[in-house]
Structures are given as structure tokens and as C-alpha cells.
1. From the Cα gyration tensor of segment 413-517, with a ≥ b ≥ c the square roots of its eigenvalues, which class applies: rounded if a/c is under 1.5, or else prolate if a/b is larger than b/c, or else oblate?
2. Whenever you get a sec, compute what percent of the accessible area on segment 693-804 sits on carbon and sulfur atoms (1.4 Å probe).
3. Could you tell me what percent of the accessible area of segment 541-626 is made up of carbon and sulfur, with a 1.4 Å probe and every protein chain present?
4. Under a Cβ-only charge scheme (Lys and Arg +1, Asp and Glu -1), can you give me the dipole magnitude of segment 574-707 about the Cα centre, in debye to the nearest 20?
5. Using the alpha-carbon centroid of each, what span in Å lies between segment 611-629 and segment 691-756?
6. Where in segment 501-557 are there trypsin sites (Lys or Arg not before Pro) that are in a DSSP coil and have at most 15 other Cβ atoms within 10 angstrom of their Cβ?
7. Under a 1.4 Å probe, what is the accessible area of segment 610-764 per residue, stated in Å²?
8. In Å², and per residue, what accessible area does segment 83-189 have when probed at 1.4 Å with the other protein chains present?
Amino acid sequence: MKNRNENYKRPNKVSERRKTGSLIKDQKPTLTNEDKLTNKSFFLFRFIRGLFFLFLLLVCIIFISSIFLRQEVRSLLNQKKLASSSVVLTRPFAIELGRSLKDTNLLSRLNRLNYREVSSRPSKEGEYQISSDGISIYIRQSFINPDTDQKAGLYKISLTSSNQISNLTDLIYNTNINNLWLESEVLSVLGNSSEKASQSKKLNEFSHFLKDAVMAIEDEHFYYHFGINPIAVIRASITNFKAGKVIQGGSTITQQLAKNLFFSPERSILRKAKEAIAALLIEMGYSKNQIFEMYLNEIFLGQEGRFAIHGFGEASDTFFGKDVSDITLAEAAMLAGIIKAPTNYSPRRNFERCKERQKVVLDRMFELGEINKDQYEKAITEKITILDASRTRRIAPYFVDYLQREITTLINKSGEIKDSLRIMTGLDLEYQICAENAVANGLKNIEKSHPWIRKVKEPLQASLISVIPSSGEVRAWVGGRDFSDSQFDRISLASRQPGSTFKPFVYLTALDGSLNQYRTARTTSILVDEPISINIPGGTWNPKNYDEEYRGEVTLREALSKSLNIPTIQIAQKVGIKNVAKTGELFGFGKGLPEVPSLALGAGEVSSLELAKAYSILANGGIRRNLKPYLHVLDASSTDLVSQKNIFEERIASEGPVYVLIDILRSAVNNGTGQVIRRMGVTGDIAGKTGTTNDGRDSWFVGFSPRILAVVWVGFDSNRALKLTGAEAAAPIWAAYYNCISNYEPDLEFLQPESVISKQIDSSSRLIATKQCPHELIKSEIFVNGTEPLTDCPIHSNSSKTTSDPNIPE
């Protein structure tokens, strides 16, 4: 038997490898279980390490984001505040000792400012109480008046039995005061086509009813989640999945705040994700109370015209006229119900739907135990009054437009108003109402008396501006018949011929020796009223008086008070047309007035604003004080950016001649062309001048008391002939305005300066009256000191009749 080992051949490993088609080095080593466990641990380690670094990266991103978040959110909130409404305010109203309660129209002012009458002593801002001996008012903290140090607080207005203000008392400090100021009223809001209206409030200033109502209906777990409510998210996700689109939000209060601050109102998955991340960051950067406060101030709650209402402070004031701290449970629930859909649940547009939503809120509050059954039932049945929209009601719109042009030019050369500005003006709403009514009723009366005017294709227009010459404040401004039909401001933009309203400046040139090189005229100077013919380039000019009558010799006083054309041209030629043009320029009629004879009758052009400025110089005794469309411009921190408190003064004409001119204009009102205002019941010391251009195209009346001045213009924009004089069209409107404001104006008289003296004059000789002059011919006349006649009347020196007047010389 052969040995097995003899026939054994060692395998050829190379050939074996070739047969298998592989090399040993290509074969994978067989891993043991221990090796496999080691490899899994390695891969797990790498995965965990990657997650760790990713986590660190996310932590760093979140940490860095949280560092900048507070500043970013505050910056955004500040930007929104800066972009919010800039308001135009009336002047704060001064309640003064000695005035009648009726004269102040105090109760009307309090109602417009949304003060609430209470039956007991006022305990909250914005309340007042009427008692048997006076009125107690709790002035709000929002009161701002840079011209006084008065603070918010409780004040008492004591009244006499005849309702005269006898005493003013600060009840908090128990001290008497001389003046009490009510806060300004809002005239309008400046800005672009879409503006934010908001009021910033502290959390403790919101009604607790409101805070409970908002959390009950919007986010009852607000104080317990971290910015996102997972249960609400899951519930909303299921609802949206079933609907196949986003129809339910599930957003927390923090998410809603993030949406208002950072994102558009679109509904999408991406936006919801961004909103959630932003909510987490906000929760990291702010406390719950801070977040809730921002939410209550920022949430969108409706639209009023071009103004977006943001925050419950603004909404409470807009819809109820109340401070948000004072609203009832029913009102709080109504406001909270608006959040879901401000348009659909608007209390103005859809009050019944809003009431249904209010009930949903109250039901939820009752379920959560926030209110009891009695509170619930009382709130359900409470009658809520919704105020009419006020922002869409334009108050003094022509003035506001003019003011906006002035402010934008002054503050921002780009023509856009920035920052939350409070622009305090001198306008008084009571005066503005009087002016608007006077213009509206006056135009109606003209059309009623002259029916042909209604048949004209264009409407008859009018304007009225009223100012306080001594301070330059604008009290009222009506730039046209209807702002909604025509925004063209006929006070500042329309240039018209002034007609006879220019004549006083012709006569002043003659009365003031410093304004001419001829001689100084006086009230008794004789002018000849007779037909004249004046050579002008291209022919001759034959002017006439308006009534086409001639009176022969007339005094200067008579010529101006009766607005006679011929004597005016005569005196203009004597003092020099060039000097008359220079006087016009000094009084603000502009440079380049035509140096032609017709200038004496108002041949140039002027705006109502320029005419008001010119006559204000006369009312100020020859001193120019700039008119002030605004008094203060305050920013959000109450810093006075622009103040016109200081009065600029420049003497334009001598005081004596100006007073003499004013006295002649008093004659025009008492027995001249302006006496129509006396027939309409105007009383008091008034100076005024009518004005009429050719064919009555322009009808003017300028009148002023020792304190207030008003200019009225009536005519067609196209310069169509109206064929009415200033006495027929403009003066009645002026009279209606002055009669309306007379209760608010003190009864003052023009003060005669020391440079003017009075003399008893014989009207036939125009010389010093003697005892022999007939009493009926003796009249008192005034003269600038040094221009008075020195010679006694020679006509009646031989008369046996004597007068007993002790002021008449022997």
C-alpha cells in the first residue's frame, strides 16, 4: 500500500487564485463580532460628534441672535413709532379769571376732548364734575404746553351766580392759579397715503378686563409656554391638513407679535416657520410682561380711512373715546374680539357681527373663571356707543395742507415728514367752526339773492383768514368752499387784485412824512372829487368813482371812508406813484408793483395771506410781526424742534400816522362803505375796508378789532365777473364770523398814542373851532402831533352865537 503522502502535491496557490479570479489581497478579511462592535462604535461616535458640533453651531447662532434681538426689536418698534402719525394740534385753550363760562364754550371743548362728566369728585384723568359753585376737571397727563409749567392734575373752576369765573384752584396742592389750560385738540394727521395711528401704553395702564379678555381668546397659556404652543400647533396642523390649505393659525401671542413686527400677513408654511423661530428669539430676549405689553401696543385692530389703528390704546380712543384704562368689561371683550379679523369684526362696519364675536370672548372668559355670572350677564346686555370716524373728517384742511408744506420745507428738504411730530398751532377750533359756517352760509345767501350765480358752471368761491396781529397766531383758515371738490387754497395760492383794500396804503404814504417827499397830509386836507383825464402810454385814462358821482371838495377822511376813486388817484399823484409802490412793498405786497396811476386803486395782485400780513402791520401800529402758522414743533420726546415763541418785530411806519389811518377806517365802518357790518349787528371798536375790482370780479372786506383781524374774499376762480361789491358779498361773511366769535373776544378799544392829539375843528373852515362856531359844525378830529391846524376859524368870528364847550378856545 502506497503511502498517501507520497502522492500528495502541495496546491499551487497562484493557480488557485487564478482559477478563482481573485487574489488573496483582494479578499475581505473575515471580521469577528468584536471587530464589528468596534466599527459601529466608531461610526456612532462620528455621528454624535457631528450632531454635537451642529448643536454647538445652532447654540452659537441662537446665542448671537439673542444678543442682537433686543436691539433689533426695539429698533423696529422705534421705526414704527417714527413712521406713525404726526399730528396738527390747536392751541391749548386758556381759561382765564373774569371770563364768562358761556364765553369760553368750555363744556363743548371738554366734550370734543372726550372728557367724561361724573357725579362725584373726579378721581381719574379725563373726568369733570359740574357742581353748584363751579366745575372740577382732572387734566390728563397727555397735556403738553411748552409755554406753561402747568401739570396734569385736579383743578377747580369757581363760578359766581352769573357764571363768571371767580377763582381757579389747583386742588392737589390747594393753591390758587391765574390761568388754567386745557390740552390741544387734534386738527389733523400729517403724512402719506397710509399712516399708522397708535398710542404707546405701559402694561399697568391697560384695563385688567382687557388683558384677561385677550389671553382668554388668543392665548390662555401665554405665561406657561416658551413662545410656541405645541398643542395649538398640532390642532391647527390637523385642521389645515383636512382642509388642504392653511385656514387656522394656532399662533401664540408671541408669534402674533413677531408677525406684526417682522412679517407680512400672508398665510404660508414658510411664514409660519419664520414666525415660530422669531417667537423663540423674542421669548429669549424679553420677559413675558414685556412681550405682552408690546403686543397690546402693536396689534393691528382696523383701518380708519388711510390710518391703520394699532394697539388697544388707540382702538379704545378711536371707537369709544376712552382711555384704555377706563373701558368696561363689555368694551374690553369687544376690542379683544376684533383681533381675529379686524375688518370683519369692525364695530363700525359690522356691529352685529362684532357683538357676536364679543359674546364668544365673554363665553370663553366665563369658562376659564375670569368673570362671574353677574359680570357676564351685565356685559352681554351693556349698550356700547361707537364714535363716528373722526380722522376721515377733515378739520381746517386748507390750513393743514399749507402747514404741511411749510413744515416739510423747514424740517425735511425731501418733502416728507418724518418722526412723530406734534405741531402746535394758534388755530382755535371754535373760531374755525365760526369761519367755516360764515363762509358756507354767506355763499348760500349770495346765491339765494342772486339766482343767476347758481346757473354758472363753476361754483362761487370764498376764503377767510383770521389772525391775532399782536402775536401772529392764525385763529381760522378757510381756503375755499369745499375741500373735497377743490383743494386749491385761495388764501396762500390765489393772487387777485386787491381793489380798494389797497387804498389805505396810498393814504398812509401821504399821512406819514417819512414815506413821501411831498408834504404830510392830515385828516382835514382837501381833495377835489371831479372828473379827470390822465395821460398814459397808448392814450388817456378816465377813471370814475364806483357810483359815477362827484362831490367836489372832500376831506381826506371822507375820501377814504367812502372809498372815492378820484381823490385817491389825486393824492397818489401828489405823493408820487413810486412812493406808493414803495409803501406797498414795505407792507409785503411784493416787489415790482406797477408804477402806474391805477396802482392807487389796487392794480397789482395780492393773496389773502399777504393782505392779512399787510393789515396786521396797521393793527400793530406800524410794526411788522411775522404770522405764525405754527407755534411749536415737538418730537416724540417733547423736544421743541422749532419754536416761534419769540416775536420778530420791525417798524415799518410811524405809530402816529398809522393810528390816524386806523381812525379813518373806523369811520369807514361807522358811516362809510363798511357800515353794512353795523347793520348786521357787529358792535365794538372795529376798523375796516371794503374792496371791489372791475365788474366786481373780486369782492373783499378786511376788518380788525384791537385784538383780531380777518380777511374775506369772494369771487370765481376763473375771474368771471361777479358784479357785487365788497360791501355786498364779502362784508356780510366777515360780519357773520365776527358776531360768532365776539363772545370769545375781549371788549377792547384802540389806544390813541401820545404822538396823536385831538382838536375841536370847525367843519366848514377845517380850522380850530372857536366859541362863535355853531355847535353843529364843531367836530373832534385827530392829528399827528405837529400837523394840527394852528389858526382859529375866521368864518364865525363875528357871530353873536357862542358854544358852551369848555374845550373850545375863546
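1. Numbers: a/c = 1.89, a/b = 1.08, b/c = 1.75.
Note, shape of segment 413-517 comes out oblate.
2. On the way: 2290 of 5060 Å².
For segment 693-804, the apolar C and S fraction of the accessible surface comes to 45 percent.
3. Numbers: 1520 of 3370 Å².
For segment 541-626, the apolar C and S fraction of the accessible surface comes to 45 percent.
4. Working: 16 positive and 13 negative charges, 61 e Å.
The dipole magnitude comes to about 300 debye.
5. 15
6. Answer by residue number: 519, 544.
7. Values: 5790 Å² over 155 residues.
Heavy-atom SASA per residue in segment 610-764 reads 37 Å².
8. Values: 4960 Å² over 107 residues.
About 46 Å² of surface per residue is accessible.
The values are calculated or read from the model by the stated rules, or taken from the named source; none is laboratory data. Quantities reported herein were computed from a predicted structural model and do not represent experimental measurements. Cβ coordinates were reconstructed from backbone atoms using ideal geometry, including for glycine residues, and neighbour counts include every protein chain displayed. Accessible surface areas use protein heavy atoms only, side chains included; no ligands, DNA or RNA. Shrake-Rupley method; radii C 1.70, N 1.55, O 1.52, S 1.80 Å.
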